[in-house]
Each structure stands twice: as C-alpha cells, then as structure tokens.
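K.L.:
Pasting a structure below so you can have a look.
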Amino acid sequence: MQIDPNYMALSDALFGYALSRTAELGSPGKKLAHYTSAENALNILTGKKIWLRSAAVMNDHSEIEHGRAILAACLDTDLGQRFWTVLDRGHVGLAKRVRDRVAASRQRPRDRIFMVSLSEHDETDRLGRLSMWRAYGGPTAGAAIIFNTEIFDDAQINLMSFASPVLYGGTQVFAPQFEAVIAKLEAGPHLLNGVSADVAFNAVASALDFAILSTKHVGFGEEREWRVIHLPFDYASASVTERLVTIRGTPQLIYELPLVNQPGMNMPKLTLDRLIHTIIIGPALHAETCRCALVEALRMNGVQQPENRVVVSDIPLRQWG
C-alpha cells in the first residue's frame, strides 16, 4: 500500500512521541508481553486470535477519564489557543471541526473502544513481572506471551488496530508533548495544507483520540504498557471481527484480532512462528503441566522448536496452600 508522503509528514508531526517510542521498541532485544491466564494463552494459540475487549470493562474505569481531563486542561491554556490557531491556518474551519470532535469524544461511550494491553519486555527476561504474577499467579496459572515486534507496522495498517505507548503522568508530562506537536505545525504550514481538509481533520482527530486513550496516572508506570487500540465504529477492518462472549459472568462484545495471515489480509509474514518469541508460565501449582500443553499447542501450529520457547518462571511467589 502506497501512502501519500504529505500525509506521512503530517502523521510524523502529530504522532512524534509514539514514533520515537516505537523506534526504541525496535531496538535489539525489545519485545512486548501479553499477560493473561494460562487457559486464555492456550485459547489464543489454538484460535490464532487475541481478544480486544471494551474499555468499559477495563480494570480501572478511570483510565480514559484521566486522559480526557488532561487534554481538556491543556486546551484551556495558551497551548489550546495556539493549537486552534495553527489548525485554522492550515484550513479555515478546521479548528471548529476538531473542537466539535473533542466535545463529542467526551460523550463517547467506553464500550465503543476496544483494546488489549501489552507490556514492554526485555528479551533476556525469563522471570516476568512480579506485579503481573500477583494478578495471574496462584492455583490458576498465569502466562506471558512474548511477541516479536518486527511485523507490527504492517499489521497496524492492514488491521486498523494501532499499538500506542502509554504516557504516564499528568498535565506536567502531557503538556510538553502537546507543545512539541503544536510547534511542529507552526513551523511547517505545509504539514496541514499539504493534505485535504478532510484528511487533516481525520489525522488530527485520531492523534487526539490516541492521546486520550494512552495517558495514565504515573502510579501505573512500572507496567510499561502499550495498548493495541481498535475503534471499529470509526476505523473498521473486515479482518477484525466482532463476537459475543461471556467473561466471568458478564456477557460482552469483543473483537478478535488475527495473529496469522488470512484471505484478504495480504500479510504472508504473519505467522505464529514469526510472531511469538517465547511464553513464560507464571508461578503456579501445575506450571509444568501448563508448559507441556502450551509447547504442544505451538507444535501443532507450526512453531519451530516449541520446547525452547516455553519457560517456567521461578519467582518464588506463593498464593496458595
């Protein structure tokens, strides 16, 4: 897919923080981990899909409100005035359209936003994160699926599901990032007027959406979280399909993100063998039993040397007995 270079230049300006963090993630040894139950890890491997769940059922319902409040606070300062001014310099009326979109997004129900959480992971780490094992360890085993990141760029474009790094902090952390975007737009008038008004609007609106969805309280910083975000009512993909499920007694709509190539996706490199680096089984009563099952699931799905890809964490966590 060939992308307009003018659009790419605008995106680079709007998503500068995410792009810099993505470049860091591309460094040797950097991976992303999805912590879940061992039961769900097996479901992911056998189904070759990962669930994107509604923001309405997130562990901390205040997370999105945190991002919305910080953006609103910044827009009420001089930064906001500079932002609206530079938008209208690019296209007359653009500021009003974006203002209206921001106002509407404050009313957007959380159940129209779907995501899955990942955590930055170092390739040499065979233990996993203690805080995650406290959430998932015990009699019911937890697991961390460690993903390679090399094919994420192609996957994001084709599946309209975007990996966004979380920014931790309040306005004092958010404002400098917002000011950097405004400064780029002020210094480069061509960035906005080099594309159509509609393209500019969609790009700016998307940047604000992802800023809201990817800002969390500094207290969560040790998670080093990335969010794969899908907004099916705004940016749909035929390959990311909806499904009704019941999770712990709560019926809900989820979206299934494919982890292997499918007809119409044109992503031949997307295979479990390329995508999965390792799997770590967390502390549990039957960790070795879980390991054997996940090794076999990898083998059945064409993953090479599966016995070398599944390890058991030896963190001495005890939550049972």
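The values are calculated or read from the model by the stated rules, or taken from the named source; none is laboratory data. Please read these numbers as outputs of a predicted model, since none were measured by experiment. Note that we place each Cβ from the backbone using ideal geometry, even for glycine, and neighbour counts take in every protein chain shown. These area figures cover heavy atoms from the full protein model, side chains too; ligands, DNA and RNA do not enter into them. Shrake-Rupley method; radii C 1.70, N 1.55, O 1.52, S 1.80 Å.
K.L.:
If ALA175 satisfies all but one of (1) touching a Ser or Thr at 6+ places or on another chain (Cβ under 9 Å); (2) open to solvent by less than 20 Å² (accessible area, probe 1.4 Å), what's the number of the condition it fails?
P.N.:
Condition (2) is where ALA175 drops out.
K.L.:
Does the stretch 213-272 hold any residues that are over 21 Å from THR22 (Cβ atoms) and of a type in the set (Lys, Arg), and which are they?
P.N.:
ARG243, ARG248
K.L.:
Consider THR271 carefully, then state whether it is over 30 Å from ASN308 (Cβ atoms) and at pLDDT 90 or above. Please lay out each step first, then the result.
P.N.:
Working: over 30 Å from ASN308 (Cβ atoms): no; at pLDDT 90 or above: yes.
In short, no.
K.L.:
Restricting the search to the stretch 221-252, which residues are surrounded by 13 or more Cβ atoms within 10 Å (Cβ to Cβ), assigned to a strand (DSSP E or B) and in contact with a Phe, Trp or Tyr (Cβ under 8 Å, 6 or more places away or on another chain)?
P.N.:
VAL228, ILE229, HIS230, THR241
K.L.:
I've got another one for you. One residue is enough: does the stretch 2-15 have a residue meeting the conditions surrounded by 17 or more Cβ atoms within 10 Å (Cβ to Cβ), in contact with a strand residue (DSSP E or B) (Cβ under 6 Å, 6 or more places away or on another chain) and not charged (D, E, K, R)?
P.N.:
For the stretch 2-15, residues surrounded by 17 or more Cβ atoms within 10 Å (Cβ to Cβ), in contact with a strand residue (DSSP E or B) (Cβ under 6 Å, 6 or more places away or on another chain) and not charged (D, E, K, R): absent.
K.L.:
Within the bounds of the stretch 296-316, is there any residue that is in contact with a Cys (Cβ under 7 Å, 6 or more places away or on another chain) and either crowded, with 20+ Cβ neighbours inside 10 Å or assigned to a strand (DSSP E or B) (or both)? Don't jump to the end; show me each part of the working.
P.N.:
Taking the stretch 296-316 and keeping what is in contact with a Cys (Cβ under 7 Å, 6 or more places away or on another chain), we get none.
Checking the stretch 296-316: not a single residue is in contact with a Cys (Cβ under 7 Å, 6 or more places away or on another chain) and either crowded, with 20+ Cβ neighbours inside 10 Å or assigned to a strand (DSSP E or B) (or both).
K.L.:
Could you pull out the residue among ALA163, ALA104 that is surrounded by fewer than 19 Cβ atoms within 10 Å (Cβ to Cβ) and closer than 26 Å to HIS230 by Cβ? It would help to see each step written out before you state the result.
P.N.:
Values: ALA163 fails: surrounded by fewer than 19 Cβ atoms within 10 Å (Cβ to Cβ).
Every option except ALA104 fails the conditions.
K.L.:
Considering only residues that are outside any strand (DSSP E or B), touching a residue at least 12 places away in the same chain (Cβ under 8 Å) and of a type in the set (A, V, I, L, M, F, W, C), which ones fall in the stretch 269-295?
P.N.:
LEU270, LEU272, LEU275, LEU285, ALA287, CYS290, ALA293, LEU294, VAL295
K.L.:
Among helices (runs of 4 or more DSSP H) lying entirely in the stretch 17-104, which contain 3 or more residues that are at pLDDT 95 or above and more than 26 Å from GLY282 (Cα to Cα)? Please lay out each step first, then the result.
P.N.:
Working: elements: 38-47, 62-75, 78-90.
Per the criteria, 62-75, 78-90.
K.L.:
For the stretch 209-216, state whether one or more residues are of a type in the set (Lys, Arg), at pLDDT below 90 and not in a helix (DSSP H, G or I). Can you show your working first?
P.N.:
Within the stretch 209-216, the subset of a type in the set (Lys, Arg) is 216.
Now drop any that are not at pLDDT below 90, which leaves none.
No, the conditions are met nowhere in the stretch 209-216.
K.L.:
Please specify each residue of the stretch 178-192 satisfying the condition of being part of a helix (DSSP H, G or I) and either surrounded by fewer than 16 Cβ atoms within 10 Å (Cβ to Cβ) or out of contact with any His (no Cβ under 7 Å at 6 or more places or on another chain) (or both). Steps first, answer last, please.
P.N.:
Going residue by residue through the stretch 178-192, those that are part of a helix (DSSP H, G or I) are 178-187, 190-192.
Those that are part of a helix (DSSP H, G or I) and either surrounded by fewer than 16 Cβ atoms within 10 Å (Cβ to Cβ) or out of contact with any His (no Cβ under 7 Å at 6 or more places or on another chain) (or both): PHE178, GLU179, ALA180, VAL181, ILE182, ALA183, LYS184, LEU185, GLU186, ALA187, HIS190, LEU191.
K.L.:
Considering the stretch 255-293 alone, what residues qualify as being surrounded by 19 or more Cβ atoms within 10 Å (Cβ to Cβ) and closer than 24 Å to ILE113 by Cα?
P.N.:
TYR255, LEU257, PRO258, LEU259
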